[in-house]
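Written below as C-alpha coordinates is the structure these notes are about.
The values are calculated or read from the model by the stated rules, or taken from the named source; none is laboratory data. Just so it is clear, the model here is predicted, and its values are computed rather than measured. Because the Cβ atoms are built from the backbone with ideal geometry, glycine has one as well, and the counts that use them run over all protein chains shown. SASA here: full protein model, heavy atoms, side chains in, ligands and nucleic acids out. Shrake-Rupley method; radii C 1.70, N 1.55, O 1.52, S 1.80 Å.
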Amino acid sequence: DSGVTQTPKHLITATGQRVTLRCSPRSGDLSVYWYQQSLDQGLQFLIHYYNGEERAKGNILERFSAQQFPDLHSELNLSSLELGDSALYFCASSVDPYTGELFFGEGSRLTVL
Amino acid sequence: GENVEQHPSTLSVQEGDSAVIKCTYSDSASNYFPWYKQELGKRPQLIIDIRSNVGEKKDQRIAVTLNKTAKHFSLHITETQPEDSAVYFCAASQIGGDTGTASKLTFGTGTRLQVTL
(Lines give C-alpha, C1' and ligand atoms only; values in the text may rest on other atoms or scores of the structure.)
Protein backbone atom coordinates (compact mmCIF):
# COMPACT_ATOMS: atom_id res chain seq x y z
CA ASP A 1 0.00 0.00 0.00
CA SER A 2 1.57 3.28 -1.16
CA GLY A 3 -0.64 5.46 1.03
CA VAL A 4 -2.07 7.22 -2.03
CA THR A 5 -5.82 6.69 -2.39
CA GLN A 6 -7.70 7.05 -5.64
CA THR A 7 -11.43 6.86 -6.23
CA PRO A 8 -13.27 5.49 -8.04
CA LYS A 9 -11.29 2.40 -9.04
CA HIS A 10 -13.45 1.81 -12.08
CA LEU A 11 -15.74 4.13 -14.00
CA ILE A 12 -17.81 3.48 -17.12
CA THR A 13 -19.46 6.36 -18.86
CA ALA A 14 -20.64 7.55 -22.26
CA THR A 15 -19.11 9.91 -24.76
CA GLY A 16 -19.82 13.54 -24.06
CA GLN A 17 -20.11 13.02 -20.33
CA ARG A 18 -18.03 14.51 -17.53
CA VAL A 19 -16.32 12.66 -14.70
CA THR A 20 -14.25 13.56 -11.67
CA LEU A 21 -11.40 11.44 -10.36
CA ARG A 22 -10.24 11.94 -6.81
CA CYS A 23 -6.84 11.48 -5.21
CA SER A 24 -5.68 11.67 -1.61
CA PRO A 25 -1.89 11.85 -1.32
CA ARG A 26 0.24 10.19 1.34
CA SER A 27 0.11 11.91 4.67
CA GLY A 28 2.59 14.77 4.60
CA ASP A 29 3.09 14.81 0.84
CA LEU A 30 2.51 18.24 -0.65
CA SER A 31 2.91 17.33 -4.32
CA VAL A 32 0.30 15.56 -6.41
CA TYR A 33 0.83 14.42 -9.99
CA TRP A 34 -1.62 13.02 -12.50
CA TYR A 35 -0.62 10.55 -15.20
CA GLN A 36 -2.57 8.92 -17.99
CA GLN A 37 -1.80 5.38 -19.11
CA SER A 38 -3.61 4.17 -22.20
CA LEU A 39 -3.71 0.49 -23.12
CA ASP A 40 -0.18 -0.88 -23.48
CA GLN A 41 1.19 2.64 -23.38
CA GLY A 42 3.60 4.44 -21.15
CA LEU A 43 2.89 6.99 -18.49
CA GLN A 44 1.95 10.38 -19.85
CA PHE A 45 2.36 13.26 -17.42
CA LEU A 46 -0.72 15.46 -17.21
CA ILE A 47 -0.27 17.96 -14.40
CA HIS A 48 1.48 18.64 -11.10
CA TYR A 49 0.24 20.52 -8.06
CA TYR A 50 2.28 21.55 -5.07
CA ASN A 51 0.59 22.73 -1.91
CA GLY A 52 -2.47 23.90 -3.78
CA GLU A 53 -0.73 25.58 -6.68
CA GLU A 54 -0.26 24.32 -10.20
CA ARG A 55 3.44 23.77 -10.81
CA ALA A 56 3.68 22.12 -14.20
CA LYS A 57 1.51 21.01 -17.09
CA GLY A 58 2.23 18.16 -19.42
CA ASN A 59 0.13 16.80 -22.24
CA ILE A 60 -3.19 17.69 -20.69
CA LEU A 61 -6.11 18.37 -22.97
CA GLU A 62 -8.13 21.56 -22.60
CA ARG A 63 -11.15 19.36 -21.81
CA PHE A 64 -9.31 18.21 -18.71
CA SER A 65 -8.73 20.25 -15.59
CA ALA A 66 -7.47 19.62 -12.11
CA GLN A 67 -7.12 21.27 -8.76
CA GLN A 68 -5.61 20.63 -5.37
CA PHE A 69 -7.62 21.59 -2.34
CA PRO A 70 -6.43 23.03 1.01
CA ASP A 71 -6.51 19.54 2.55
CA LEU A 72 -4.14 18.52 -0.29
CA HIS A 73 -6.45 16.10 -1.99
CA SER A 74 -6.74 16.58 -5.72
CA GLU A 75 -9.40 16.11 -8.34
CA LEU A 76 -9.02 15.57 -12.06
CA ASN A 77 -12.02 16.62 -14.09
CA LEU A 78 -12.52 15.14 -17.54
CA SER A 79 -15.27 16.63 -19.69
CA SER A 80 -16.77 16.08 -23.15
CA LEU A 81 -15.38 12.59 -22.96
CA GLU A 82 -14.29 10.80 -26.09
CA LEU A 83 -13.60 7.13 -26.73
CA GLY A 84 -9.88 7.88 -26.75
CA ASP A 85 -10.01 9.11 -23.19
CA SER A 86 -10.46 5.55 -22.01
CA ALA A 87 -7.37 4.88 -19.93
CA LEU A 88 -5.96 4.23 -16.51
CA TYR A 89 -5.44 7.49 -14.65
CA PHE A 90 -2.83 7.44 -11.95
CA CYS A 91 -2.28 9.91 -9.20
CA ALA A 92 1.10 10.04 -7.52
CA SER A 93 2.47 12.04 -4.63
CA SER A 94 5.81 13.04 -3.21
CA VAL A 95 6.98 15.05 -0.25
CA ASP A 96 8.14 17.88 -2.44
CA PRO A 97 8.83 18.43 -6.14
CA TYR A 98 12.52 17.77 -5.65
CA THR A 99 12.15 14.33 -4.17
CA GLY A 100 12.93 11.60 -6.64
CA GLU A 101 10.47 8.90 -5.73
CA LEU A 102 6.85 9.11 -6.72
CA PHE A 103 4.29 7.06 -4.82
CA PHE A 104 1.50 5.98 -7.11
CA GLY A 105 -2.08 5.20 -6.25
CA GLU A 106 -3.81 2.13 -7.64
CA GLY A 107 -5.32 4.13 -10.46
CA SER A 108 -8.80 4.89 -11.75
CA ARG A 109 -9.77 2.94 -14.83
CA LEU A 110 -12.02 5.01 -17.06
CA THR A 111 -13.97 3.37 -19.86
CA VAL A 112 -15.82 5.62 -22.29
CA LEU A 113 -18.44 3.85 -24.39
CA GLY B 1 12.07 18.72 -23.80
CA GLU B 2 13.41 15.37 -22.68
CA ASN B 3 12.79 12.29 -24.81
CA VAL B 4 13.38 8.81 -23.41
CA GLU B 5 13.56 5.76 -25.64
CA GLN B 6 13.36 2.28 -24.19
CA HIS B 7 14.22 -1.09 -25.70
CA PRO B 8 13.13 -3.78 -26.09
CA SER B 9 9.37 -3.40 -25.84
CA THR B 10 9.03 -7.06 -24.88
CA LEU B 11 11.54 -9.46 -23.42
CA SER B 12 11.16 -13.12 -22.61
CA VAL B 13 13.77 -14.95 -20.56
CA GLN B 14 13.96 -18.28 -18.82
CA GLU B 15 13.97 -18.41 -15.08
CA GLY B 16 17.49 -17.98 -13.79
CA ASP B 17 18.72 -16.08 -16.83
CA SER B 18 19.61 -12.39 -16.85
CA ALA B 19 17.53 -9.62 -18.37
CA VAL B 20 18.78 -6.28 -19.65
CA ILE B 21 16.62 -3.28 -20.54
CA LYS B 22 18.17 -0.24 -22.18
CA CYS B 23 17.13 3.39 -22.30
CA THR B 24 18.51 6.46 -23.99
CA TYR B 25 17.75 10.05 -23.15
CA SER B 26 18.14 13.24 -25.12
CA ASP B 27 18.62 16.02 -22.58
CA SER B 28 22.20 16.19 -21.34
CA ALA B 29 20.96 18.17 -18.32
CA SER B 30 19.07 15.12 -16.99
CA ASN B 31 20.73 13.81 -13.87
CA TYR B 32 18.22 11.50 -12.20
CA PHE B 33 17.21 8.15 -13.64
CA PRO B 34 14.67 5.96 -11.82
CA TRP B 35 13.23 2.62 -12.82
CA TYR B 36 9.66 1.65 -12.03
CA LYS B 37 8.10 -1.80 -12.05
CA GLN B 38 4.42 -2.24 -12.84
CA GLU B 39 2.87 -5.63 -12.28
CA LEU B 40 -0.26 -6.50 -14.20
CA GLY B 41 -3.15 -4.37 -13.02
CA LYS B 42 -1.06 -2.73 -10.34
CA ARG B 43 0.53 0.65 -9.74
CA PRO B 44 4.08 1.52 -10.79
CA GLN B 45 6.61 1.20 -7.99
CA LEU B 46 10.16 2.50 -7.80
CA ILE B 47 12.66 -0.34 -7.75
CA ILE B 48 15.96 1.46 -8.16
CA ASP B 49 17.30 4.84 -9.18
CA ILE B 50 20.64 6.36 -10.05
CA ARG B 51 21.96 9.87 -10.09
CA SER B 52 24.48 11.16 -12.58
CA ASN B 53 27.32 11.34 -10.09
CA VAL B 54 27.65 7.55 -10.11
CA GLY B 55 28.04 5.07 -12.93
CA GLU B 56 26.52 2.01 -11.34
CA LYS B 57 24.21 1.07 -8.51
CA LYS B 58 23.26 -2.35 -7.30
CA ASP B 59 20.52 -3.68 -5.05
CA GLN B 60 20.55 -7.46 -4.66
CA ARG B 61 19.62 -8.92 -8.07
CA ILE B 62 18.98 -5.53 -9.66
CA ALA B 63 21.60 -3.14 -10.99
CA VAL B 64 21.52 0.01 -13.05
CA THR B 65 24.37 1.43 -15.10
CA LEU B 66 24.66 4.91 -16.50
CA ASN B 67 26.79 6.20 -19.35
CA LYS B 68 26.49 9.97 -19.35
CA THR B 69 28.65 10.44 -22.40
CA ALA B 70 26.48 8.20 -24.52
CA LYS B 71 23.31 9.29 -22.69
CA HIS B 72 22.09 5.83 -21.98
CA PHE B 73 21.30 3.79 -18.92
CA SER B 74 20.39 0.17 -18.41
CA LEU B 75 18.61 -2.07 -15.94
CA HIS B 76 20.11 -5.45 -15.26
CA ILE B 77 18.20 -8.21 -13.49
CA THR B 78 20.15 -11.34 -12.64
CA GLU B 79 18.82 -14.77 -11.68
CA THR B 80 15.35 -13.84 -12.88
CA GLN B 81 12.35 -15.28 -11.12
CA PRO B 82 8.69 -15.56 -12.17
CA GLU B 83 7.79 -12.69 -9.85
CA ASP B 84 10.05 -10.44 -11.94
CA SER B 85 7.47 -10.66 -14.72
CA ALA B 86 6.08 -7.15 -15.13
CA VAL B 87 6.37 -4.00 -17.19
CA TYR B 88 9.46 -1.95 -16.43
CA PHE B 89 9.65 1.78 -17.09
CA CYS B 90 12.77 3.87 -17.18
CA ALA B 91 12.57 7.60 -16.64
CA ALA B 92 14.78 10.64 -16.67
CA SER B 93 14.65 14.09 -15.16
CA GLN B 94 16.73 16.97 -13.95
CA ILE B 95 16.96 17.53 -10.24
CA GLY B 96 16.22 21.10 -9.33
CA GLY B 97 14.71 23.86 -11.39
CA ASP B 98 11.55 25.86 -10.99
CA THR B 99 9.12 22.99 -11.07
CA GLY B 100 11.25 20.36 -9.44
CA THR B 101 12.46 16.92 -10.38
CA ALA B 102 9.27 14.96 -10.48
CA SER B 103 7.44 17.46 -12.67
CA LYS B 104 9.97 16.89 -15.37
CA LEU B 105 10.05 13.10 -15.04
CA THR B 106 9.81 11.67 -18.55
CA PHE B 107 9.03 7.97 -18.80
CA GLY B 108 10.07 5.52 -21.47
CA THR B 109 7.40 3.45 -23.20
CA GLY B 110 8.00 0.38 -21.05
CA THR B 111 9.36 -3.14 -21.44
CA ARG B 112 7.17 -6.12 -20.80
CA LEU B 113 9.35 -8.77 -19.18
CA GLN B 114 8.13 -12.34 -19.13
CA VAL B 115 10.07 -14.87 -17.08
CA THR B 116 9.23 -18.39 -18.13
CA LEU B 117 9.75 -21.55 -16.12
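Rounding to the nearest 20 debye, state how big the charge dipole of chain A is about its Cα centre with +1 on each Lys and Arg Cβ and -1 on each Asp and Glu Cβ.
Dipole about the Cα centre, nearest 20: 240 debye.
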According to the Kirkwood expression over distinct Cα-Cα pairs, how big is the hydrodynamic radius of the protein assembly as shown, in Å? 18.0
What number does chain B give for Rg over Rh if you use C-alpha atoms and the Kirkwood radius? 0.97
Cα gyration tensor of chain A diagonalised, 5x eigenvalues square-rooted, in angstrom largest first, produces semi-axes 22, 14, 13
Over chain B, what is the relative contact order in percent, taking alpha-carbon pairs closer than 8 angstrom and at least six residues apart? 36
If you bin every alpha carbon distance in segment B:31-86 into 10 Å steps from zero, what whole percent lands in each bin? 22, 50, 24, 3
Shielding by other protein chains, A:102-108, mean Cβ within 10 Å: 4
At a 1.4 Å probe, what is the % contribution of carbon and sulfur to the accessible area of segment A:58-111? 51
Tell me, what is the 1.4 Å probe accessible area of A:SER80, in Å² to the nearest 10? 60
Could you work out Rg/(2.2 N^0.38 Å) for segment A:12-53, with Rg from alpha carbons only? 1.45
Longest site-free stretch - chain A; sites: trypsin sites (Lys or Arg not before Pro), DSSP loop, at most 14 other Cβ within 10 Å: A:64-113
Could you tell me which trypsin sites (Lys or Arg not before Pro) in segment B:23-117 are loop residues by DSSP with no more than 16 other beta carbons within 10 angstrom of their beta carbon? B:LYS42, B:ARG61, B:LYS68, B:LYS71
